[in-house]
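Since the structure comes first, as structure tokens, the remarks are kept for the end.
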Amino acid sequence: MKDYLARVEKLRTDAAECALIRDLATDQAKRDLFDRLHSHLTVLADQVELEMMHRNTGT
């Protein structure tokens, strides 16, 4: 379980870093890329957390 929590934290940290790079980028293509990465990593973290909750509750 701790391994999953560490992975979720890593995904959230990476998503936050992508958001920071997106916000600092001056090139539109780079902003778009890092915005997509931020969104994707956030969804992945959410999905891992949801799966952890389902496994803990047995549903």
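Worth pointing out:
- Residues that are exposed (fewer than 11 other Cβ atoms within 10 Å of the Cβ) and assigned to a helix (DSSP H, G or I), drawn from region 45-59: 50, 53, 54, 56, 57
- Once region 1-15 is narrowed to residues that are charged (D, E, K, R) and surrounded by fewer than 12 Cβ atoms within 10 Å (Cβ to Cβ), the residue that is modelled with the lowest pLDDT is 2.
- Residue pairs whose Cβ atoms lie under 6 Å apart, sitting 6 or more positions apart in sequence or on different chains, and linking a residue in region 14-27 that is closer than 14 Å to residue 42 by Cα to a partner that is surrounded by 17 or more Cβ atoms within 10 Å (Cβ to Cβ), are 14/41; 15/38; 15/41; 15/42; 18/34; 18/37; 18/38; 19/38.
- Criterion (out of contact with any Phe, Trp or Tyr (no Cβ under 9 Å at 6 or more places or on another chain) and surrounded by 12 or more Cβ atoms within 10 Å (Cβ to Cβ)) met by exactly one of 26, 42: 42
The values are calculated or read from the model by the stated rules, or taken from the named source; none is laboratory data. Here the structure is a predicted model, which is why all the values come from computation and not from measurement. Cβ coordinates were reconstructed from backbone atoms using ideal geometry, including for glycine residues, and neighbour counts include every protein chain displayed.
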